[in-house]
Amino acid sequence: MKKHAKNGNVAIIGIGQTSFSSHKEDQNQVEMVQEAVINALADAGLKIGDIDCIVHGNMELFEMQFAPDLWHSLGTGAYGKDEYRITTGGTTGATLVCAADNLVASGLYGTVLAIGMEKLQEGNTTGGITNMADPLWFRNLQTGALTGTTSDGACAMIFTSEEKVKQGTKNPPVWIRDHIQVHREETIPNLFGFNKPEMTHHCAARTLFARNGIQDPVAYFDVFEMYDPSAWWAVDWLREFFLLKGDEHLRMLEAGDFDLDGRIPINPSGGVIASNPIGATAMLRPAEAALQIRGDAGGHQIKKEVRHALASGFGGTFWTVLMILEKELNWQEVNHD
Amino acid sequence: MATKRVAICAVAQHKNGSDLWHKRFQGMLLDVLEELQAQTGFTFDEETGVNTIVSCSDDFFDARTISDNGVADVLGAQYRGEEKIAQEGLNAVGYAQAVILSGYADLVLVMGHCKESQSESRRMIANMGFDPFYGRAVGLDNLNAAALQARAYMKKAGLTEEHLAGIVVRTRQFAARNPYANAREIVEAGKVIASPQLCDPIRQLHAYPVSDGAVGMLLASEERAAEFTDRPVWIAGFANCMDSYFLGDRDLTANFALKQAAGRAYRKAGIADPRKEIDLVEVMDAYAYQQPLWIEGLGLCGDGEGARFLDQGGQEKYRVNLSGGMLAGNPVIIAGLYRAAEAALQLRGEAGERQAPDLKRAVAHSTTGAAGQFHSVLILER
Amino acid sequence: MTEYFGTTVADIFATMPKRFKPEEAKEVDIAIGYEATGEGGGKWKATIKHGTLKVETVDGDLTGCKTTIHTDAETFVGVTLGKIGALDALSSQKLRVAGDPKFLMLLLPKIFTPYAAPEKKPVSVTARDIITTIAERFRPEKAEGVAMTIGYDLTGEGGGRWTIVIRDGKCAVRGGLADPLTVKMTMEAKTYAGMMLGTIEAVTAFTSGQVKIEGDMAAAGATAKFFRKYVVPGATEAEELISLRVTNAIEQRFATGPVMGHWFAGLREKKFLANRCPKCGRTQIPPREICAWCRVRVHEFVEVGPKGVVTHFDIVYFASPDPLTGAVRDTPYATAYVVFDGSTEREAVTMDLKKEDIPRLKEGARVRPVWAEVTTGSSRDLIGVALDEQEESL
């Protein structure tokens, strides 16, 4: 197993969300993006001039806007800055967090702002999802895979280097310890045969925990913000993410272990079932996990202290992203010369 | 020890064509993947192989939500990490560099594909890149936005019909020596000048042809590069920059974003005077007038001196677009990746009949959006 | 009755006869049952027959209705007013339709004009209410260096006489008319209130002589910018929100390539041609260029099926539109995951199942393909699968 080794530590220092609603006729796409960016900057106590690079993501065909970062730049504040547009479907928001982590850890950029958005109301979402299937084969069979609620909204997060954190931050930094992304081929039906391959969630969790020396994830983590597109998947996936056996996850569920005052609370934010602006959804998971660590989750702050948080993203044909957030810099594997 | 440099270890290109109707883009990517593996012997082993793939494609051009989903298998992404840089191939190289410098990966596979011929019209797609309220309604697309820029720039730089024809004639001479280029027929200046106006002053032969293609690269950390090649090409610097969205908010001939991107990339590469330190340039010239305009933006000649640059042999001095450039035909979203591929091949001494001698440092350039709203600049060195 | 979004469920049914378009309903013969649960809810039945409409409340069961709609009162009002998306309500199961929802969604807008909530009576605000808040609304940054006294003589109900004094970045309102005044404006109190509330255009009021001005005309015109707009307490400012409706379509021509092409050629011959990985033996349907697991090119084709086994299935009640044709299919329908005979055990394929077979569908059921009458080499050659009676009867 490869050791986890980052060349620079990266902290989340700003989080901004819009409200999420199935009806946001009062804002166009640019204005909605800008609202999230302004909120994130205010949260971080920064100005747009403090940002070195913007990372933008959403799903083009949902709004039917080609290369949307070009128009959205009016709201993202990308003018004059470096910018990357990265998309991976439902996982986009989580991938943006991974990308921002990479960009800062690389030393190429000091402070990076990531923005995920979707204005699902502006397109036919289910049609968009169906367009995901191979046009030659599966499209006429696939029905709307979209679960959760049709939502408009955006989420922005600001990431910075350890060096910059040392100069002081408005709110406590939340550290990204590690992340992993696991993709797979385009077909879903071959997950529903007589025997099933290891689930991507399990593969991600197994690899991530092993390289970070986490033996007992249920004991280690204080909260898990999971991308739960539907209630039944959420339950099933807990087994995979926590590397549980048999029906252990069901017994834990019955024992209240996943309740907000349980051993490992799941989705105090309400999760994806509560709102699903697709390009932002997977970013909201680490954003909400970070707020829990900061103690800034307001009405949905869980009671116990949150020091170690887990967040996941889901999309594509069972693609998964998993990341570990920490209150303290508690690992030693950073490469220094 | 943290890696300090990233190498391009191998480059593979699918031949560009105007209508590769007989091939799915999956098949095109697979050809590219197999060639990269043949060159380097890399694997997808969990310990020692590629675990991160940076792809480049676009949902509109593929007509698929999550365009990377349809190609995950041929990218080798089964149970591996994959990230899609949407619509800007050169950014994929810049981002892949960051992934390696961050320590998350020591090998990254970069793979881009696009078939412009699949859609009824690439201009319809470009039109959807404008805001739905104003830009689309007035019928803007990349061609007519470029024509506004072309007119303004020709006036500013004293660029004539003959200059534009000369660029196209030279493009085809080099494209004829590039087996991966699309438009490889030699043309005479008279034919260029007689070709129909698409959007005055842009004539048909001033514009790149509809193109299908796929291109890939293997990138490695400094520590691992020697496992895959004895001719690594190093990334010395990368940067990009966004300009204003509304055309009316920009001086279309000022190269604001390109100058910013180039300046940042040069600083990272430790280049104080690009005119003395750059040996070869690949610019993304979707239209003939853009070649001298972007050359100005890269600082290889002064503002408004593009025509003089052409007259004084600047193209040969800086070995501009020996691949034939984008004018010879690459799909728009991965044209930047093809630029980087050519620059890397030239530095490796693998550019065949079009090989330039004595190269140390090269620039690959890419642009996205109407009249160059966004620019990326990659500096490579031997 | 409980109001939702300012409207009751009963309001909506009470206005139904007025909104009915008999000429559009000449061919219609249907009884629709409505059940709205929760406060302000109830049961209604609308019988539409050859251009006539009968709306009645129902106490017991909704009998004799071809289609029934079940929802809570709030969702019902919300959907009717467009405050809640009908598709959202359907997909979240807050609104359920027994019968054919597609038919209803097409029919109802055709035979009824949309329900519009009755205009709310405007909140009554007098000139006195407005003018006495003027000091709070003062914007000193807009009145730098301004020194003036403005007199208002407002006649009629809610009127009176006031003087507004602006000096040294401060503003005060006093009763009565001071002397001297920079400008004096005389008008009816209701004209002043109308101008302030935006129901009367100021320019028209001035030019039509409804406002009499004595003194400095320019000063009279300048006063507006010194104050923020008056907002009725508790009122939200209405904005006109315009949505742009566009259908974007770009025609595509998808290449099948040699591998997928082989599959379609097989369908034309009513054969399932999977391709088999040379390394792990996996059979892929539809065939792909590569085996994702082994990362090797796959060349060999093998015929599988035509019969197979259902491993999983779902039954779809809320169908999404087919993106290729825009058509919404009949519900319910079943999607079955089928492993064809001769396929490797993981390689299930998604298949539509014949509608009549849904009640007898179970995991492990044997199925056979149902082919189109004419097969041309496309995914439409295969209509779906049906339960295999031959094997069922064994």
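Out of the residues in region B:146-177 meeting the condition of being open to solvent by less than 10 Å² (accessible area, probe 1.4 Å) and among the polar types (S, T, N, Q), tell me which one is nearest to B:Glu353 (Cα to Cα).
Among residues in region B:146-177 that are open to solvent by less than 10 Å² (accessible area, probe 1.4 Å) and among the polar types (S, T, N, Q), the one nearest to B:Glu353 (Cα to Cα) is B:Thr171.
Of the residues C:Pro278, C:Pro306, C:Pro287, only one is assigned by TED's automatic domain parsing to the domain that holds C:Thr350, open to solvent by 10 Å² or more (accessible area, probe 1.4 Å), assigned to a loop (DSSP other than H, G, I, E, B) and closer than 24 Å to B:Phe44 by Cα; which?
So the residue among C:Pro278, C:Pro306, C:Pro287 that is assigned by TED's automatic domain parsing to the domain that holds C:Thr350, open to solvent by 10 Å² or more (accessible area, probe 1.4 Å), assigned to a loop (DSSP other than H, G, I, E, B) and closer than 24 Å to B:Phe44 by Cα is C:Pro278.
Given the conditions (1) buried (at least 24 other Cβ atoms within 10 Å of the Cβ); (2) at the interface with chain A (Cβ under 7 Å from one of its Cβ atoms); (3) at pLDDT 95 or above; (4) on the phi > 0 side of the Ramachandran plot, and given that B:Tyr79 satisfies all but one, which numbered condition is not satisfied?
Against the list (1) buried (at least 24 other Cβ atoms within 10 Å of the Cβ); (2) at the interface with chain A (Cβ under 7 Å from one of its Cβ atoms); (3) at pLDDT 95 or above; (4) on the phi > 0 side of the Ramachandran plot, B:Tyr79 comes up short only on (1).
For (1) in contact with a helix residue (DSSP H, G or I) (Cβ under 9 Å, 6 or more places away or on another chain); (2) of a type outside the set (Ser, Thr, Tyr); (3) more than 10 Å from chain C (Cβ to nearest Cβ); (4) open to solvent by 50 Å² or more (accessible area, probe 1.4 Å), each residue gets a yes or a no:
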residue	(1), (2), (3), (4)
B:Gly27	yes, yes, no, no
B:Gln39	no, yes, yes, yes
B:Asp45	no, yes, yes, yes
B:Thr48	yes, no, yes, yes
B:Ser57	yes, no, yes, no
B:Phe60	yes, yes, no, no
B:Ile66	yes, yes, yes, no
B:Asn69	yes, yes, yes, no
B:Asp73	yes, yes, no, no
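Specify the residue that is surrounded by the most Cβ atoms within 10 Å (Cβ to Cβ); the eligible residues are those in region B:355-382 that are within 13 Å of another protein chain (Cβ to nearest Cβ) and in a loop (DSSP other than H, G, I, E, B).
B:Ala370
Name the single residue that is surrounded by the fewest Cβ atoms within 10 Å (Cβ to Cβ) among those in region C:257-275 being touching a His at 6+ places or on another chain (Cβ under 8 Å) and more than 9 Å from chain B (Cβ to nearest Cβ).
My answer is C:Leu273.
Can you tell me which residue in region A:54-90 is farthest from A:Tyr109 (Cα to Cα), limited to those that are among the acidic types (Asp, Glu) and at the interface with chain B (Cβ under 7 Å from one of its Cβ atoms)?
It comes out as A:Glu60.
If B:Tyr287 satisfies all but one of (1) open to solvent by less than 10 Å² (accessible area, probe 1.4 Å); (2) under 15 Å from B:Leu164 (Cα atoms), what's the number of the condition it fails?
Every condition holds for B:Tyr287 apart from (1).
Any residue in region C:1-23 that's over 20 Å from C:Pro109 (Cβ atoms) and assigned to a helix (DSSP H, G or I): show its pairings with residues that are at pLDDT 85 or above and open to solvent by 60 Å² or more (accessible area, probe 1.4 Å) at Cβ separation under 9 Å, as long as the two are six or more apart or on different chains.
Between residues of region C:1-23 that are over 20 Å from C:Pro109 (Cβ atoms) and assigned to a helix (DSSP H, G or I) and residues that are at pLDDT 85 or above and open to solvent by 60 Å² or more (accessible area, probe 1.4 Å), the close pairs are C:Ala10/C:Thr57.
Just the residues that are of a type in the set (Val, Ile, Thr) and outside any helix (DSSP H, G or I), please, taken from region C:70-114.
C:Thr71, C:Ile84, C:Val97, C:Thr113
Report, by residue number, each residue of region B:105-140 that is in a loop (DSSP other than H, G, I, E, B), open to solvent by 30 Å² or more (accessible area, probe 1.4 Å), more than 9 Å from chain C (Cβ to nearest Cβ) and of a type outside the set (A, V, I, L, M).
Within region B:105-140, B:Asp106, B:Tyr134, B:Gly139 meet the criteria.
Could you say which residue among C:Glu144, C:Glu136 is within 20 Å of C:Trp162 (Cα to Cα), open to solvent by 70 Å² or more (accessible area, probe 1.4 Å) and acidic (Asp, Glu)?
C:Glu136
Within region A:169-225, track down each residue that is of a type in the set (Asp, Glu), open to solvent by 10 Å² or more (accessible area, probe 1.4 Å) and over 18 Å from the mean Cα position of the chain (by Cα).
A:Glu186, A:Glu198, A:Asp216
Kindly indicate the residue of region C:238-256 that is touching a Phe, Trp or Tyr at 6+ places or on another chain (Cβ under 9 Å) and open to solvent by less than 70 Å² (accessible area, probe 1.4 Å) and also nearest to C:Val370 (Cα to Cα) among those meeting that condition.
This residue is C:Thr256.
Can you pull out the helices (runs of 4 or more DSSP H) entirely within region A:1-107 that have at least 1 residues that are in contact with a His (Cβ under 6 Å, 6 or more places away or on another chain)?
It comes to A:29-44, A:68-76, A:92-105.
Examine region B:147-164 for a residue that is over 19 Å from B:Gln291 (Cα atoms) and without any contact (Cβ under 8 Å) to a residue 40 or more places away in the chain, and state whether such a residue exists.
No, there is no match, as no residue in region B:147-164 is over 19 Å from B:Gln291 (Cα atoms) and without any contact (Cβ under 8 Å) to a residue 40 or more places away in the chain.
The values are calculated or read from the model by the stated rules, or taken from the named source; none is laboratory data. All of these numbers come straight from a predicted model, not from anything done at the bench. Here the Cβ is made from the backbone with ideal geometry for all residues, glycine too, and neighbour counts use every protein chain on show. Only protein heavy atoms, including side chains, enter the accessible area calculation; ligands, DNA and RNA are left aside. Shrake-Rupley method; radii C 1.70, N 1.55, O 1.52, S 1.80 Å.
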